[in-house]
Amino acid sequence: MTNTLQPVLNHLAARQPQIEAWLKTFLRIPSVSADPAYAASMDEARRFLCERLRAEGLQQVQLLDGGGEAAVYAEWTGAPGRPTVLIYGHYDVQPADPVALWRTPPFEPTQVGDRLYARGTSDVKGSTTIALEVVFAFLTTLRACPVNIKVFIEGEEETGSPSLRPLIDRYRDLLAADAVLSADGGRASATTPTINTGARGNAALEVKLRTASKDLHSGRYGGGVRNALHEMAALLASLHADDGSVAVDGFHAGAEPPTPRQRQDTAAFPYDEAAFFTDVAGASHGEPGYSPRERITLRPALDVNGMWGGYTGAGVKTIIPCEAQAKLTVRIVEGQDPAQVIHAVLAHLQARCPAGCELEVVALNPGSPAATLHPEHPLVTAAQAVLQVPGGARPIHVRLGASVPITSVFKEMLGIDTLMFGFNLPDEDVHAPNEFFRLSSISQGLKAWTALLDALGRFEPAAFHPR
């Protein structure tokens, strides 16, 4: 790290109490994108961000409307001849439900030791704050950044980014850049340096199965007609073989096998397999021939997320349900078309739907493909230099088992690659009650983002666009 960065680092270290205070104010805004009841809070979050961006001297501060929740945009383009980096984050958060399971109020940040508890701390207001504060610190201390900056803070990530494509299409010229740095994505380990070089893609399906025109009395019809829940359970069970492998024809179509480098990195990652399962009181199960870590990061997966129907209230109601519903999602890998995979799942269910039953598609989301960052990409090279431990091993390349749609969407529509450089950690109860973010991650993230922007400024823009 060069001496020229010391004023930036000193400024950030001195400001950490104010940075934490600003983050807490941000967290008090219940910007839940899934629930229309929080529309006013979504507006408040946008105003809150725009006011800060303007106050720190960024230009072109505005809202970008793609037909849904608007994204917040700002830029600083005072580094001619240097790369332009689009910094991505999102201001929306998951609902706090079930609120009764929270030990502290979900929208009142509460510090317990090194942990800051609140909805959105880890996903992803904490890491978004880190990225913004580093940009602000460069402008305050050096009056310039090592790269040109475009800030893009989305408001629909937690609902699948439904209007991201039309938004990018509408503002394509404004969003043009050489690379994306995402505050979303997180670290794989608190102790071992890792670089995210990709993520699985996804798609979703919801179906409804009907066996009769109405619920039936089990005394009059029991044993004589089909039961919607029985049939749905059998259909869903047919999706997998007993050994845990997916039994859907065409499910693995196009899937590229893990490379030797990917399998080596996965094996090198410090992973306590026994603890992984005992921590959640679970048991290993899945595609034979791969380790659990490989199965959740390098291989496709199919999961039933929910199944319901019939009577679920108190006491007994002796009915035969006429209707059952289920939600399913797939995670896919490089080389696969998410629409093709989810349609293969649907075709499997339709082919096995018994005579006399009707299977209806309630919703089908073709999702987004997997994303991969080449191991020699300038974003990876810069991150390796920043995260390299003196005298130690190189940072391990890892892939996320989760999906980050913006990575593939930005690549497809803008032709630019994304490095996920968030500082949240896997155990921080994202999407669950008692979500938290480690305050120590703030100081670590501020140093790393400062060094990363400096390292990226040493590349020519053409290096991000190999022919």
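The values are calculated or read from the model by the stated rules, or taken from the named source; none is laboratory data. What you see is a predicted model; the values in this text were computed from it and never measured. When we count neighbours, we look across all protein chains shown, and the Cβ atoms used for this are built from the backbone with ideal geometry, even at glycine. Remember, those area values only see protein heavy atoms, side chains included, never the ligands or the DNA or RNA. Shrake-Rupley method; radii C 1.70, N 1.55, O 1.52, S 1.80 Å.
At a glance:
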{"item": "Which numbered condition residue 292 fails, given (1) in contact (Cβ under 8 Å) with a residue 60 or more places away in the chain; (2) open to solvent by less than 20 Å² (accessible area, probe 1.4 Å)", "result": "(1)"}
{"item": "Residue that is nearest to the chain's Cα centre (by Cα), among those in the stretch 445-466 that are over 29 Å from residue 425 (Cβ atoms) and either open to solvent by less than 20 Å² (accessible area, probe 1.4 Å) or among the aliphatic types (A, V, I, L, M) (or both)", "result": "463"}
{"item": "So residue 186, is it open to solvent by less than 30 Å² (accessible area, probe 1.4 Å) and in a loop (DSSP other than H, G, I, E, B)", "result": "yes"}
{"item": "Qualifying helices (runs of 4 or more DSSP H) (wholly inside the stretch 245-308; at least 1 residues being within 24 Å of the chain's Cα centre (by Cα) and over 18 Å from residue 426 (Cβ atoms))", "result": "260-268"}
{"item": "Pairs where the first residue, in the stretch 232-246, is charged (D, E, K, R) and the second is surrounded by fewer than 13 Cβ atoms within 10 Å (Cβ to Cβ) and part of a loop (DSSP other than H, G, I, E, B), C-beta under 8 Å, 6+ apart", "result": "243/288"}
{"item": "Qualifying residue in the stretch 170-179 (condition: touching a residue at least 40 places away in the same chain (Cβ under 8 Å), more than 30 Å from residue 389 (Cα to Cα) and not in a loop (DSSP other than H, G, I, E, B))", "result": "yes"}
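For every residue, the table says whether it meets (1) of a type in the set (S, T, N, Q); (2) in contact (Cβ under 8 Å) with a residue 24 or more places away in the chain; (3) in contact with a Ser or Thr (Cβ under 8 Å, 6 or more places away or on another chain).
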site: 370; (1), (2), (3): no, yes, yes
site: 410; (1), (2), (3): no, yes, yes
site: 413; (1), (2), (3): no, yes, no
site: 419; (1), (2), (3): no, yes, yes
site: 424; (1), (2), (3): yes, yes, yes
site: 427; (1), (2), (3): no, no, no
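Let's see how each residue does on (1) farther than 19 Å from residue 128 by Cβ; (2) aliphatic (A, V, I, L, M); (3) open to solvent by 10 Å² or more (accessible area, probe 1.4 Å); (4) over 22 Å from the mean Cα position of the chain (by Cα):
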| residue | (1), (2), (3), (4) |
| --- | --- |
| 5 | yes, yes, no, yes |
| 32 | no, yes, no, no |
| 48 | no, no, yes, yes |
| 56 | no, no, yes, yes |
| 91 | no, no, no, no |
| 98 | yes, no, yes, no |
| 102 | yes, no, yes, yes |
